[in-house]
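What follows is one structure encoded as structure tokens, with my remarks underneath.
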Protein chains: 2
Amino acid sequence: MVILISFSRVIVGNFYSSHSYDRVSYNADSAVCIDHTGMIQQILSKTDPNFSKIIQTAKTEDRLTFLNTNEVLLPGFIDLHIHAPQWPQTGTGLDLPLKEWLNDYTFPLEAKYANHTFAKKVYSDLVSSLLAHGTTTAVYFGTMHVSANIELARQCLNFGQRAFIGQVAMDNPFETPDYYRDSSTSSSLSATMTFIQKLTELTGPSSRLVKPIITPRFVPSCTDDLLEGLGKLAHRFDLPIQTHCSESIWEHNYAISRFHKHDTAVLDHFGLLTDKAILAHGTQLDETDLQQISNAHAAIAHCPISNIYFGDGIFTAARAHRYQIDVGLGTDIAGGFSPSLYRNIQQSIMSSRQLPNQSENHLTTANAFYLATYGGAKSLGLKTGLIKPGYWADFQIVCLPDHNDRPASDNNQLERLLYATTANDIKSVYVAGQQVI
Amino acid sequence: MVILISFSRVIVGNFYSSHSYDRVSYNADSAVCIDHTGMIQQILSKTDPNFSKIIQTAKTEDRLTFLNTNEVLLPGFIDLHIHAPQWPQTGTGLDLPLKEWLNDYTFPLEAKYANHTFAKKVYSDLVSSLLAHGTTTAVYFGTMHVSANIELARQCLNFGQRAFIGQVAMDNPFETPDYYRDSSTSSSLSATMTFIQKLTELTGPSSRLVKPIITPRFVPSCTDDLLEGLGKLAHRFDLPIQTHCSESIWEHNYAISRFHKHDTAVLDHFGLLTDKAILAHGTQLDETDLQQISNAHAAIAHCPISNIYFGDGIFTAARAHRYQIDVGLGTDIAGGFSPSLYRNIQQSIMSSRQLPNQSENHLTTANAFYLATYGGAKSLGLKTGLIKPGYWADFQIVCLPDHNDRPASDNNQLERLLYATTANDIKSVYVAGQQVI
């Protein structure tokens, strides 16, 4: 059985994976074979002639994970938008408008990450908590502190979470407080450069787990020169970009008043609307913006819980999908109060049912599952979010809720699971084939 | 210390309790003294001259519960609307319209409660689960089966949950399936009578824990004679009433088409709109309905999660409050997918932020906490939901979320707690002074 030598692990059981935006496929009694790089090499069904032999060999070599009948394998979730430093303020001050919330809660807290010990304590707790909630990939906003951001990277490497980490750039004295602002445009750009360099030193040049992402906080907090400089950096190093885009009426109007155009067009003007850009929120985007985002092949991070508090509206994910824009889900900690993508799947469905034209804008269970898995992965150009050969073995093993009655169908079982799962129901989590929880 | 002899337990720590609809009071280092009937007899602050002596005596007599600094005492929650038999279908079929959901999922499931073993298994699991989520009082719809409903009562008594239990009455052949319908109006009324009698035999005539509640399922499923008969029964035995009221556009229009008036007026016509009536949902109520409900001193069970799936709109709790109507929260299992009142507190706030005229209809954290505690208790005329002398000692002890940072205020701490608590954070639960979890 030469074929077996290359497997690092074989997981046997039932799994769900998106077949398309509208359909989730259920695969019973499958053997998911993971190679030594952490990728799914092949998936065998029970009827495959090699099925029993592979299981037997994996068992002998202690490389077998056999799911109980009350457990299923799911792709790990992708959190496409989360502010790591805001973890300590989660669930507080949500009654305030965005700008007050930033000034009263967020900026003072983020400033504390100049203290490395504080950063280490919070980031260790955050990364392990997210993994425990089934989030195998996170796209993080850090702070303006290089050393704290490197500490976040270190925690991701320690715990084994796939991550993009952003050195937050913000230099506009009119829209940022004195105590929490890059001292100049050039210092902001050089902090980003330093961060990229230090991160590369930490991870090695070909790291597949933790990568840098260019991060202008949002248009209001950046000068024109900074936006332009970051666009050039992203281009020069071929890096992904993340920023907020038309999150609230205030932000939307700010861009109009300063640039006489929408956020999307501003970002495009500065070279920040690329096919590697992740735009968070987008609640105020109009049809022109969506077409522009679609043309640029940029992606949108939909943060359904956060939208309710700070978005002045709900992002219509179904409409963006009609524009063929890649969309994933973000917790937006701490604009959203929950670190769980399950909670955001639920809220994305619930909020979509309150949109106008419900029938065309309503997200189904299958749609929301897609957003939390492959939608996020595709936005990042990452081979994850599907249980399919050639994709990373980023998984969660989830215990099914027991309600004394068998669900009527596999779809019902998935629906129930997505509505009921908490961190306590997640038995184990794998990233690139390594068990991390 | 003669005074101490009458205490069955003293709980010492910090607690939150509604001061009013708009304000929650935080009481640090208090001694909550519970008498032998299970009521709060007095509450002493740390500065009270008897504080130390009472704690010392309680400790000596092994009657002291001392909260850790990371724990708080809260009133137990009241679930004002829940369908006990639907527990096994929780989180499934939520994409369907109400009528299809009833016919495809709910009625076939409810019919299964003719099987007593099935009923016992489900109800045991349900009652213990609700208590574990901090729900100390539940207002249950049962099924049309007397013995299953008595089994539900037995489980409430076994586990120590305060409950109102309803024998579901439904005899209209045009709106109920053949296999799940009272065979006639008189058999429906006599089943309700039998249930009340058997429940009284089980609990004793002066039971303070478990009580019957008159339960016409909703207007469509009842004939005129049944509605009239149930109204008379409620009056004759001075019993509370529960039913659905203007839950969906379909139900709202059904009443108009059959009676040429709204649900509220129909209920009033049949003597079912009393000061002991709990009307579930009410998403389609207009100003006239609200005024009528207010005049009758009836109450409304707001089920924010369920509304999103089956309500065709969100009940505007703040508006009902302006009409001086008592409002509490209901999970509406399985129209709502979560057994947790915490989840419904969160959703009541979130949904209210998506209503028109947000500033006047927006629920604050304090409002939602009030609805889940005293709002529900007041709707039922029950002395619970507050931590105050003369009220039942129905409590939950909750571990505070730890986010490596101290919340800015006691209000922030409560907000975070209400957004983060799951059953795993609830350390213990008391009903009438008895620890039940």
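Every read-out reported here was derived from the displayed coordinates using simple, explicitly stated rules and does not represent laboratory data. Predicted model only: the values in this text are computed from it and were never measured. Positions of Cβ are generated from backbone atoms using ideal geometry, with glycine treated the same way; all protein chains shown enter the neighbour counts.
Label points 7 Å out from Cα along the Cβ direction at B:Thr194 and A:Leu202: separation in nm?
The two pseudo-label positions are separated by 7.1 nm.
Residue by residue, what Karplus-based ³J(HN,Hα) values in Hz, rounded to whole numbers, does the stretch A:378-389 have, using 6.51, -1.76 and 1.60 with θ = phi - 60° and x for Gly and Pro?
Per residue, the Karplus-derived 3J(HN,Hα) values read 5, 4, 9, x, 9, 8, 8, x, 10, 9, 7, x Hz.
As I understand it, the value is the acute angle between the Cα axis of helix A:249-259 and the longest principal axis of the Cα atoms of chain A; what does it come to in degrees, rounded to 10?
The helix A:249-259 is inclined about 50 degrees to chain A.
Rounded to two decimals, what is the ratio between the C-alpha radius of gyration of the stretch B:50-97 and 2.2 N^0.38 Å? List each step's numbers first, then the result.
Working: Rg = 21.2 Å, N = 48, 2.2 N^0.38 = 9.6 Å.
Cα Rg divided by the expected 2.2 N^0.38 Å: 2.21.
What translational diffusion coefficient, to the nearest whole µm²/s, does chain B have by Stokes-Einstein, given a Kirkwood radius computed over alpha-carbon pairs, a temperature of 10 °C and 1.306 mPa s viscosity?
Translational D for this selection: 72 µm²/s.
Return a whole-number percent for the relative contact order of the stretch B:77-380, with Cα pairs under 8 Å and 6 or more residues apart as the contact set.
19 percent
If you take the charge dipole of the protein assembly as shown about its Cα centre, with +1 on Lys and Arg Cβ and -1 on Asp and Glu Cβ, which of A:Thr69, A:Gly330, A:Ile349 is farthest toward its positive end?
Ranked along the dipole, the leading option is A:Thr69.
Taking chain B as the reference, fit the longest principal axis to its C-alpha atoms, fit the long axis of helix B:410-420 to the helix C-alpha atoms, and give the angle between the two in degrees, 0 to 90, nearest 10.
Approximately 50 degrees, to the nearest 10.
If you take the alpha carbon radius of gyration of the stretch B:52-210 and divide it by 2.2 N^0.38 Å, what ratio comes out, to two decimals?
On the way: Rg = 19.4 Å, N = 159, 2.2 N^0.38 = 15.1 Å.
With N residues counted in the stretch B:52-210, Rg over 2.2 N^0.38 Å equals 1.29.
Using the 10 angstrom Cβ neighbour count as an exposure proxy, how do B:Ser351, A:Ser6 rank, fewest first?
Ascending Cβ contact count within 10 Å gives the list A:Ser6, B:Ser351.
Under a 10 Å cutoff between Cα atoms, tell me which one of A:Arg63, A:Arg322, A:Arg236 has the largest fluctuation in the Gaussian network model of chain A.
Of A:Arg63, A:Arg322, A:Arg236, the most mobile in the Gaussian network model is A:Arg236.
Is there a simple number for the mean count of other chain Cβ atoms within 10 Å of the Cβ of residues in A:342-349, and what is it?
Counting Cβ atoms of other protein chains within 10 Å of each residue's Cβ and averaging gives 2.
Peptide A:361-369: average number of partner chain Cβ atoms within 10 Å per residue?
Whole-number average of other-chain Cβ neighbours for A:361-369 is 1.
Return the percentage of antiparallel bridges among DSSP beta bridges fully within the protein assembly as shown, rounded to the nearest 5 %.
Working: 56 of 124 bridges.
Counting only bridges with both partners in the protein assembly as shown, antiparallel ones make up about 45 percent.
Would you mind getting me the FRET efficiency between A:Ser25 and A:Glu360? Use the beta-carbon distance for r and R0 = 30 Å, nearest 0.05.
It comes out at approximately 0.80.
Among residues other than B:Ala301 whose Cβ falls under 13 Å from its Cβ, what is the net charge (Lys/Arg +1, Asp/Glu -1)? Spell out each step's value before the answer.
Values: positive: B:Lys378; negative: B:Asp79, B:Glu247, B:Asp326, B:Asp332.
Net charge in that neighbourhood comes out at -3.
What nm distances, shortest first, do you get from the label point of B:Arg23 to those in the other copies when the point sits 7 angstrom along Cα to Cβ?
In nanometres, ordered from closest: 6.0.
Please list 3J(HN,Hα) in residue order for the stretch A:311-325, calculated via the Karplus relation 6.51 cos²θ - 1.76 cosθ + 1.60 where θ = phi - 60°; whole Hz, with x for glycine and proline.
With coefficients 6.51, -1.76 and 1.60, one gets x, 6, x, 10, 5, 8, 4, 5, 5, 4, 4, 5, 7, 6, 8 Hz.
For chain A, give the share of DSSP beta bridges that are antiparallel, in percent and rounded to the nearest 5; count only bridges with both residues there.
So the antiparallel bridges amount to about 45 percent of the total.
For the stretch A:154-281, compute Rg over Rh where Rg is the Cα radius of gyration and Rh is the Kirkwood radius from the inverse mean 1/r over Cα pairs. Could you put the intermediate results ahead of the total?
Values: Rg = 14.8 Å, Rh = 15.1 Å.
Radius of gyration relative to Kirkwood radius: 0.98.
At q = 0.11, 0.17, 0.19, 0.24 Å⁻¹, what is the log10 ratio I(q)/I(0) for the stretch B:21-113, with the Debye formula run over Cα points and no solvent?
-0.61, -0.82, -0.95, -1.34
Quick one: net charge around A:Gln435, please, counting Lys, Arg +1 and Asp, Glu -1 for every other residue with C-beta under 15 Å from its C-beta.
Net local charge, A:Gln435 excluded: +1.
If you fit an axis through the alpha-carbon atoms of helix B:51-60 and take the longest principal axis of the Cα set of chain B, what angle between them do you get, 0 to 90°, nearest 10?
80 degrees
Defining the label point at 7 Å along Cα→Cβ, can you sort the distances from B:Pro49 to the same site in each other copy, shortest first, in nm?
Copy-to-copy label distances at B:Pro49, shortest first: 9.5 nm.
Through the Karplus equation 6.51 cos²θ - 1.76 cosθ + 1.60, θ set to phi - 60°, convert the phi angles of the stretch A:201-212 into ³J(HN,Hα) values in whole Hz; use x for Gly and Pro.
With the stated coefficients, the stretch A:201-212 comes to 4, 5, 8, x, x, 10, 4, 9, 9, 10, 9, x Hz.
I'd like the projected area of the protein assembly as shown, averaged over all directions, using the convex hull of its alpha carbons. Report it in nm² with one decimal.
Numbers: hull surface 152.2 nm².
With the hull built on Cα positions only, its mean projection is 38.0 nm².
Tally Lys and Arg at +1 and Asp and Glu at -1 over the other residues with C-beta under 9 Å from the C-beta of A:Gly93: what net charge comes out?
Overall, the nearby charge balance is -4.
Copy-to-copy spacing for A:Gly381, label 7 Å out on the Cα-to-C-beta vector, in nm, shortest first?
6.9
Taking each residue in B:85-98, count the Cβ atoms of any other chain within 10 Å of its Cβ, then average. What number comes out?
That average works out to 5.
What's the center-to-center distance, using Cα atoms, between the stretch B:104-135 and the stretch A:17-68 in Å?
Taking the Cα centre of each part, the stretch B:104-135 and the stretch A:17-68 sit 36 Å apart.
For chain A, what is the calculated [θ] at 222 nm in deg cm²/dmol (nearest 500), taking -39500 (n - 2.57) for each run of four or more DSSP H residues and dividing by its residue count?
On the way: 17 runs with 161 residues, N = 437.
So the helix-based figure for chain A works out to -10500 deg cm²/dmol.
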